[in-house]
Structure formats: structure tokens, C-alpha cells
1. Taking the conditions exactly as written (more than 20 Å from Asp233 (Cα to Cα), free of Cβ contacts under 8 Å to residues at least 24 places away in the same chain, surrounded by 19 or more Cβ atoms within 10 Å (Cβ to Cβ) and among the polar types (S, T, N, Q)), does Ser173 satisfy them or not?
2. Ile135 passes all but one of (1) among the hydrophobic types (A, V, I, L, M, F, W, C); (2) under 30 Å from Pro31 (Cβ atoms); (3) assigned to a strand (DSSP E or B); which number fails?
3. Considering only segment 106-121, state which residues are surrounded by 14 or more Cβ atoms within 10 Å (Cβ to Cβ) and in contact (Cβ under 8 Å) with a residue 12 or more places away in the chain.
4. Can we say Tyr24 is in a helix (DSSP H, G or I), within 21 Å of Leu302 (Cα to Cα) and at pLDDT 95 or above?
5. Could you list all residues from segment 238-263 that are under 17 Å from Glu298 (Cβ atoms) and among the acidic types (Asp, Glu)?
6. Looking at (1) part of a loop (DSSP other than H, G, I, E, B); (2) over 17 Å from the mean Cα position of the chain (by Cα); (3) at pLDDT 95 or above, which is the one condition that is false for Glu32?
7. Only one of Ala258, Ala252 is crowded, with 16+ Cβ neighbours inside 10 Å, modelled with pLDDT of 95 or more, more than 19 Å from Ile29 (Cβ to Cβ) and of a type outside the set (S, T, N, Q). Can you tell me which?
8. Can Asp127 be described as among the acidic types (Asp, Glu), free of Cβ contacts under 8 Å to residues at least 24 places away in the same chain and in a loop (DSSP other than H, G, I, E, B)?
Amino acid sequence: MKKLFLLAFATMLSAMATAQSTVYFTRDISPEALVRIYKALGRTAHGRVAVKISTGEGGNKHYLRPTLIRGLVDEVNGTIVECCTAYGGSRQDPAKHWQTIHEHGFDSIFAVDLMDEFGQIRIPIQDKKHLKYDIVGEHLAHYTFMINLAHFKGHAMGGFGGVLKNASIGVASTAGKAYIHSVGITTDPVECWHHTSDQDGFLESMAAAAQAVHNYFDGNIIYINVMNNMSVDCDCDGNPASPELKDMGIMASLDPVALDQACLDMVFNHQGRPGDDNQPLIERINRQHGTYITTYAEQIGLGSKRYTLVDIDAK
């Protein structure tokens with residue numbers, strides 16, 4: 001009996017080690033392509049659907065434009081959701097954030113919900129290495145399904161921003177962002193910037209918060225990365241560097257770890273040339289040890305770095 005148990009356990013571990021997630025890819029970056037790749041995932045959005053994006057800092061021109069995402073949002077009858085930031089700018093104060101949302105054209109096309117405008121809630125966190133809970137906008141509780149629609153690009157602190165950042169920092173309230181950035185030390189958006197020396201701890205905290213949101217939706221969540229306007233700077237930067245890498249396409253998965261890893265692999269394996277240079281983005285990612293987030297997210301069970309890439313253009 002013991003031998004049979006050990007054999008079954010070894011077989012299970014082997015299966016887990018070789019398990020691969022599916023990541024879908026299209027070179028087309030268009031409203032129609034977003035709908036196609038959403039449908040390729042085979043998980044239909046239902047109920048009250050939150051579409052989590054970044055509405056972009058004032059002055060930024062690289063965020064996902066309303067005209068690009070409109071077809072998908074209409075397809076799922078979704079609401080654009082956002083939260084305020086933890087730094088001085090055009091989105092930390094709700095009134096200013098609404099003004100930026102308006103200037104960027106979102107509220108003229110979509111229903112928009114600033115989830116932490118009136119309060120915040122704590123949701124359970126599985127990995128408690130640094131954080132005791134995840135602090136998110138209270139309106140997260142209004143939604144039964146989430147489309148994590150991220151703009152894949154660089155980021156000054158995380159190295160890069162994709163769906164893991166969009167689920168963690170993106171869904172967190174101002175206090176929640178401070179809590180993640182300070183690796184669980186404080187929820188004060190001023191004090192937190194004095195506690196940013198633990199870079200790996202920050203990446204681990206982001207992974208844990210992303211897992212909290214993933215678990216909160218209990219399977220009712222999908223992930224999409226749009227690989228366009230890939231500056232070394234994030235959409236949270238009001239004066240970002242111009243992209244030096246050409247647009248690559250759209251990727252989507254049910255596994256956020258596999259999805260961000262596939263995008264990283266595409267950037268790192270790209271054969272750069274003048275006018276299409278991947279080195280600045282690679283250098284930004286490496287400077288911040290950014291690839292560690294997918295490694296740690298896999299370790300805590302959020303997903304797998306192993307994936308099969310399915311080119312939906314070839315179908």
C-alpha cells in the first residue's frame with residue numbers, strides 16, 4: 001500500500017512538473033483581434049463583468065485607447081474598473097482621476113467604476129510571506145467576473161508591467177498599493193516610499209496580491225496582454241520614453257504566470273535591429289530583477305511558467 005501511495009504521489013509530482021498552460025497569440029492589434037482572442041480562451045464572461053485596465057496618467061499617450069478595447073468591452077457588456085494611485089499625480093485624488101478618465105475618453109464610451117472612490121476592503125491572501133491580506137477597492141465586491149486587460153510595457157519599479165502587476169498594484173486601493181510597495185510595512189502612501197529597498201520582497205508581494213485577486217474570482221477571470229507602445233516606462237508615467245521596440249501583438253491565457261512569461265520570452269528572444277530595439281526594455285527589466293515575479297508566482301502556485309503557444313492567426 002505504501003509503495004502504491006509513493007508511486008501515485010511521484011506520478012502526480014511528475015504531471016505537475018510537466019504541466020503546461022495554453023497561451024494564445026495574434027500579431028493583429030485591433031478591436032476585432034481582441035474579441036477573437038477573448039473567444040479563443042473558451043471562458044465566457046458572465047454576470048457583472050469588470051474590465052481592469054490602466055486609464056493612464058495625465059500626459060501619457062501609450063495606454064490602451066478606448067477605440068481599441070471598445071469591441072471587447074461591448075462584447076461582454078463590461079464596466080471599466082480602476083483604482084487611485086499611491087503617488088502624487090493626476091490619479092491619486094478621485095476628482096483628478098475622474099478628470100483624467102474623462103480626458104482620455106473612457107467615460108464617454110463606457111461605464112467606468114473607480115473602485116476605491118468611497119472605500120476599500122480586505123480580501124484573503126494565500127501567501128503570507130510579506131502581506132497579511134490584500135487591500136482592494138470596495139467595489140470589487142460588485143463584480144462576478146474579471147477581464148484583466150493589461151498593456152505590456154516597462155515599469156520603473158517592477159521592471160515590466162503585465163497582467164500580474166495589473167491584478168496586484170492595479171486592483172489595490174491607494175492604501176493597498178502602499179502596502180505592496182512597502183512589502184507589508186505601511187499603508188501610508190507617503191511613508192511607503194521610504195521602504196522600497198527590498199526589491200525581491202516587492203516582487204513577491206505583487207505576486208501574492210495577484211494571487212489573492214485570482215483566488216477571489218475563483219475561476220471567473222481571464223488575462224490578456226496587449227504588446228503595443230512598449231516603452232520602458234509604464235502608463236503611470238506622465239512623460240514616458242518613446243517606445244524603441246515595435247508592436248508585437250496580443251497574447252491571452254487563463255494562466256497569468258504563463259501569459260506574462262510568454263510576453264517576456266517574446267521580448268527577450270526578439271532579434272532586434274535599428275528602429276526595432278528590444279535592448280532598452282530588456283535592460284529595464286533586468287535592472288529591477290523583473291523576471292523574478294513569474295518565478296515566485298509559480299512557486300506559490302498561481303500558475304506555470306511552462307506554456308504552449310497557440311497562434312490563432314494560423315487557424
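The values are calculated or read from the model by the stated rules, or taken from the named source; none is laboratory data. Please read all numbers here as calculations on a predicted model, not as lab measurements. Don't worry about glycine lacking a Cβ; one is built from the backbone with ideal geometry, like all the others, and counts go over all protein chains shown.
1. On the way: more than 20 Å from Asp233 (Cα to Cα): yes; free of Cβ contacts under 8 Å to residues at least 24 places away in the same chain: no; surrounded by 19 or more Cβ atoms within 10 Å (Cβ to Cβ): yes; among the polar types (S, T, N, Q): yes.
The answer is no for Ser173.
2. (2)
3. Of segment 106-121, the ones surrounded by 14 or more Cβ atoms within 10 Å (Cβ to Cβ) are 106-107, 109-110, 112-117, 120-121.
Phe106, Ile109, Phe110, Val112, Asp113, Leu114, Met115, Asp116, Glu117, Gln120, Ile121 - these are the residues of segment 106-121 that are surrounded by 14 or more Cβ atoms within 10 Å (Cβ to Cβ) and in contact (Cβ under 8 Å) with a residue 12 or more places away in the chain.
4. Numbers: in a helix (DSSP H, G or I): no; within 21 Å of Leu302 (Cα to Cα): yes; at pLDDT 95 or above: yes.
No.
5. Within segment 238-263, Asp255, Asp260 meet the criteria.
6. Here Glu32 meets the rest and fails (1).
7. Numbers: Ala252 fails: more than 19 Å from Ile29 (Cβ to Cβ).
Every option except Ala258 fails the conditions.
8. Working: among the acidic types (Asp, Glu): yes; free of Cβ contacts under 8 Å to residues at least 24 places away in the same chain: no; in a loop (DSSP other than H, G, I, E, B): yes.
No.
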